[in-house]
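Engineer: Take this structure first; my questions come after.
No value in this document is a laboratory result; all are computed from the given coordinates. These numbers come from a predicted model, not from an experiment. So basically every Cβ, Gly included, is an ideal-geometry build from the backbone, and we count neighbours across all protein chains shown.
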Amino acid sequence: MSENVKNVEYGLEKIFEGAQDFLPLLGTDYVEFYVGNAKQAAHFYKTAFGFQSHAYAGLETGLKDRVSYVLKQDKIRLVLTTALTSDSPIGEHVKKHGDGVKIVALWVEDARKSWEETTKRGAKSYMEPTVETDEHGEVVRAGIYTYGETVHMFVERKNYKGDFLPGFQKWESDYNPSSVGLKFIDHMVGNVGWGEMNTWVKWYEEVMGFVNFLSFDDKQIHTEYSALMSKVMSNGNGRIKFPINEPAKGNKRSQIEEYLDFYEGPGVQHLAVATNDIIQTVTELKARGVEFLPPPPQAYYDEIPERLGVHRDMMKEDISLLQKLSILVDADEDGYLLQIFTKPVEDRPTLFFEIIQRMGAKGFGAGNFKALFESIEREQAKRGTL
Ligand code: FE2
């Protein structure tokens, strides 16, 4: 087991015991970004990340104030939304935060009940239960605010047979770059302000019925310059995992502080997306221009067999190839995982992506945190924000 995962508070198998069942979640439904230019962002996510055109809503479908492009890759749905008028709250959001995640939508059996149970427990409503219909049936959606201006939308689609949501039309495009093998969202990480992590841990426990099953403090996650604290929240069936970070005092500005400064508040820090073949996926992403954090020093790769411990013989990947692609490796008692982090995908140093392949491991790469943060700090130093 990795050094850094010693204070595991709950084993994964115990999540079911600790979590509440008033909010059964079936999975992630979609992630909606508010962006400055959805048409161009959609082209980027298709070309660079291998997403497919899926659905569209805008002037042509009767909307007057915004446009949304829906992209799909296996189970992952991204929605990119841009305002069409200057007085739009979407435009205000982009003005304040830059491009970023506005809505993390959760697939539920009963959106009304999800909204009632969570608002009853103290959630601030974003949208009351709303029924939308078209010729394919009906969808019920309801939303609550989480940290910052970020929203959880509950989506009930059991009576709907359409492609995405009522109001959207199928988006047919002549430009269809192939998938890069991304499968589903493994976890989504939020950055919250100084001293706010436990407030949000409590919020996820009390309002959403989640449990805190992994915790890392600043003694575990620190470099020469900076530190952070992180707690991983999970729902009862383990399908939804939201680690929450807060900055901790260090000699210099941590990446969490940098995020909070540039996003101008709490928000989604990264989306971790799963692949079954990280070598192929990352090779393809790099060929398409996706930029990743540079690799840690040679010593990191020399230590991989030691880090893998009992899982050493299980690993099939060639370490020199992982090093060439700057893929990181970590292990826990259940297996190992391979992961890599992109540079921020917008000009503000805020949101980025993680590509992850789990080979049994259930952790989040804690053994890589130090190497990862040192790599981020070298990037921060270039930006003059360390
Ligand atoms: Fe992650």
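Engineer: Note the direction-averaged projected area, equal to a quarter of the hull surface, for the Cα convex hull of the stretch 130-251, in nm².
Structural biologist: Values: hull surface 45.0 nm².
It is 11.2 nm².
Engineer: From Cα pairs below 8 angstrom and at least 6 apart in sequence, can you work out the relative contact order of the stretch 181-383, rounded to a whole percent?
Structural biologist: Value for the stretch 181-383: 22 percent.
Engineer: Residue by residue through the stretch 26-37, which ³J(HN,Hα) values in whole Hz follow from phi under the Karplus form 6.51 cos²θ - 1.76 cosθ + 1.60 (θ = phi - 60°), with glycine and proline marked x?
Structural biologist: 8, x, 7, 8, 7, 10, 9, 9, 9, 9, x, 8
Engineer: Let me ask something else about it. Quick check: residue separation of Asp163 and Asp87 times 0.36 nm, minus the Cα distance between them. What number comes out in nm?
Structural biologist: Extra length from Asp163 to Asp87 when fully extended: 24.4 nm.
Engineer: No solvent, one uniform scatterer per C-alpha: report log10 I(q)/I(0) for the chain via the Debye equation at q = 0.07, 0.09, 0.14 1/Å, two decimals.
Structural biologist: -0.30, -0.51, -1.32
Engineer: In this model, which of Lys124/Lys231; Lys39/Lys343; Lys39/Lys113; Lys39/Lys124; Lys96/Lys219; Lys202/Lys362 are farther than 29 Å apart at the alpha-carbon?
Structural biologist: Going by Cα-Cα distance, Lys39/Lys113; Lys39/Lys124; Lys96/Lys219 fall outside the 29 Å limit.
Engineer: Between the stretch 74-100 and the stretch 216-272, what's the alpha-carbon centroid distance in Å?
Structural biologist: 23
Engineer: When the convex hull of the C-alpha atoms of the stretch 181-383 is computed, what volume per residue in Å³ does it have? Could the numbers behind the result be given before it?
Structural biologist: On the way: hull volume 24.3 nm³, N = 203.
Value for the stretch 181-383: 120 Å³ per residue.
Engineer: I need to check one value: relative contact order of the stretch 27-170, counting alpha carbon pairs closer than 8 Å and at least 6 residues apart, in percent.
Structural biologist: In percent, rounded to a whole number, it is 25.
Engineer: For the chain, what is the relative contact order in percent, using Cα pairs closer than 8 Å and at least 6 residues apart in sequence?
Structural biologist: It rounds to 18 percent for the chain.
Engineer: Also, I was wondering about something else. The stretch 24-129: which trypsin sites (Lys or Arg not before Pro) are DSSP loop and have at most 14 other beta-carbon atoms within 10 angstrom?
Structural biologist: Lys64, Lys75, Lys124
Engineer: Across 5 Å bins from the origin, how do the percents of Cα pairs in the stretch 95-176 run, short distances first?
Structural biologist: Going from the shortest bin to the longest, the percentages are 3, 15, 21, 19, 16, 14, 8, 3, 1, 0.
Engineer: Something else about it: In a solvent-free Debye calculation with one equal scatterer on each Cα, what is log10 I(q)/I(0) for the stretch 27-170 at q = 0.13, 0.18 Å⁻¹, listed in the order of the q values?
Structural biologist: -0.57, -1.13
Engineer: Then there's this: Quote the FRET efficiency, to the nearest 0.05, computed for Ala381 versus Tyr145 with a Förster distance R0 of 56 Å and r equal to the Cβ-Cβ distance.
Structural biologist: Approximately 0.95, to the nearest 0.05.
Engineer: Give, in nm to one decimal, the length gained when the segment between Lys39 and Lys324 is fully stretched (0.36 nm per residue of separation minus the Cα-Cα distance).
Structural biologist: Here the answer is 99.3 nm.
Engineer: Note down the nm distance, to one decimal, between modelled labels 7 Å out along Cα→Cβ at Asn198 and at Leu63.
Structural biologist: About 4.2 nm separates the two model spin labels.
Engineer: Right, here's the next one. Just how far, in whole angstrom, is the stretch 113-180 from the stretch 286-337 if you go by their alpha carbon centroids?
Structural biologist: Answer, in whole Å: 37.
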